[in-house]
Amino acid sequence: MSHRWFPILLCGVIFGLYLGLPTRSYYWDGVLFSLRIEQAQQHQIPVGELFHANHLLYSPAGYLLYSAALDCGLMLRAISALQVANAVLSSISAYVVFILARRFTGSEKVGWLCAALFAFGATWWKFSTDADAYVISNLLILVAIASLTSARSNVVLCGVCHTTAMLFHELAVFAYAPILLTLALDNRRPVRVRIVRFAAYIIATITCVWVVYWWCYRARFGPRHSGLISWARSYASDSGFTRSLGQLIGANIASCVKLFAGGKLALIEEFSSWPMWVSLTVCVAAVSAGMVLARGHVPRNEPLKTDRKDLTVLWMWLLAPAIFLASWDPGSAFHKLFLWPAIVLLIGAYGLPRLPSRVAAAFVLALVAWNFGAFIWPHAHVSADPVLSLAVEIDKQLPRNATVYYAAFSPDDWYLDYFAPGRKWVQMTSDSGQVVVAGTGPVCFETTALQNLKDPLRPDPRLSWALVNQQHNIRFECVHEPR
């Protein structure tokens, strides 16, 4: 087999592992995306409600994908369609990382190792099997930078990809830093041409993003509604900047470590099985082999093969979002996925060429095996997510004609509504806490509704569930008689 097929074969292996073990510990936004997509497809909500300021086009694109899957006769949930799409897009991302690493270092072996490290880093691996906007946005940034740093330097393709990336996730705005730096450092062109390209890129991309945001805002809220800027700048109530030294240092370091390796001892104990122990054995064997191969080896003190301009671009790619994310939700590893491609490529530029390829391959294999056994394998089980387990249990026992009341639709409710489908969810609007239901099915109240009830509830013990711990406070209680 020709060596040129190896990267494609590697991407096929990556896709197979992604598709074979999709996560069951879902990203909460992905559950809400899927819930809204299915509601729009069933005409329960307008399609315009799918536009979200932080990831404008992700849910509408998911809606089109899900509708196409149904039209093709595929009977699947929206979240499954989004997971398959992410697996495909992430595999392509790994191939683009291979291309960039090979281009920057001049080594195919470094390219393969970077592609494997990128694809099987803990947080990226998990989110590649989930439903989220991070994968497609990062893929578009990768293609944008790859097109701009190629010999032909296609700035139009770069602009289209970067603009689309920002429309899928707002954090892609930080890709302006490496892209504009690349335009500024392009010494193949006169200074005047560089200035024109620099300015034209900014004006064109910002204009396109603004026009799309304006159109989507009108589609969601109507032509007479004002407040586009405040909507575009909105964010979740549990997100924000921090000034805590512990968060700025400890949480940042912990979240960066999670990009490489995941897993907890409790998960290993709970999901102990032969696939886990085989992978952990491979991990130990690979570490041992790497140490043996590295014994007596002096790291090569050779000049870096990566051009200084390319290194500057990579550092800017890393530092621009890293500075912002150091104080914005510093403990969130998933936001730092926008750092991950640059981190991997910098490792490929500085670290991997200085090691024997067998040593580097052994340590990458060890990381892959560890993440599979200690992180991905456990999270591929429903029982790894207690809220999902609760929703599955409710779905089995609660009649489909039940009506569920809530006061505030919390992330836990997103899970219960989506994974126990078919029940009617109604928001409590009465200040008195009184509700009147016409129907024959059970009447249920989730946590926030129970807190707003005026009269004490006498629930049916057979239709009552609870999940109360440090992470969750879920109560779900039902009565047979309408109140």
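Some observations on this one:
- Inter-site label distance for TRP277 and ARG233 at 7 Å from Cα along Cβ, in nm: 5.8
- Label-zone membership for the range 332-349, site ILE253, 7 angstrom Cα→C-beta point, backbone N under 17 Å: 332-333
- Anisotropy class of the range 23-144 from Cα gyration tensor, a/c 1.5 cut: prolate
- Relative to the longest principal axis of the Cα atoms of the chain, the long axis of helix 134-149 lies at roughly 20 degrees.
- The range 190-262 shape via C-alpha gyration tensor axes, a/c threshold 1.5: oblate
- Partnerless cysteines, meaning none of the other Cys C-beta atoms lie under 4.7 Å away, in the chain: CYS11, CYS72, CYS114, CYS158, CYS161, CYS208, CYS216, CYS256, CYS283
- Against the chain, whose longest principal axis comes from its Cα atoms, helix 308-325 is set at around 20 degrees.
- From phi via Karplus (6.51, -1.76, 1.60), per-residue ³J(HN,Hα) for the range 40-53 in Hz, x at Gly/Pro: 5, 5, 8, 6, 7, 9, x, 4, x, 6, 6, 6, 10, 4
- Separation of the ALA204 and HIS225 label points, Cα + 7 Å toward Cβ, nm: 3.2
- Prolate/oblate/rounded call for the range 303-346, Cα gyration tensor, a/c under 1.5 rounded: prolate
- Annotation note: GluC sites (Glu not before Pro) in the range 170-270 located in DSSP loop regions with a Cβ neighbour count of at most 15 within 10 Å are absent.
- Cα→Cβ-extended label distance, 7 Å offset, between SER357 and THR312, nm: 3.2
- Shown here: the range 3-69, whose C-alpha atoms stretch 50, 25, 24 Å along the first, second and third principal axes, sorted largest to smallest.
- Degrees, to the nearest 10: 386-397 long Cα axis against longest axis of the chain: 40
- Calculated P(r) tail over 32 Å for the chain, as whole % of Cα pairs: 48
- In the chain, the DSSP beta bridges split such that about 55 percent are antiparallel, to the nearest 5.
- Each of the peptides 320-332, 342-354 was scored by the mean count of other Cβ atoms within 10 Å over its residues; in descending order, highest first, they stand as 342-354, 320-332.
- Two numbers describe the Cα atoms of the range 385-479: Rg and Dmax, which are 12.3, 37 Å.
The numbers here are math on the coordinates, done by the rules we state, and not lab data. For clarity, every value in this text was computed on a predicted model and none was experimentally measured. Here Cβ is always computed from backbone atoms with ideal geometry, including for glycine, and neighbour counts include all displayed protein chains.
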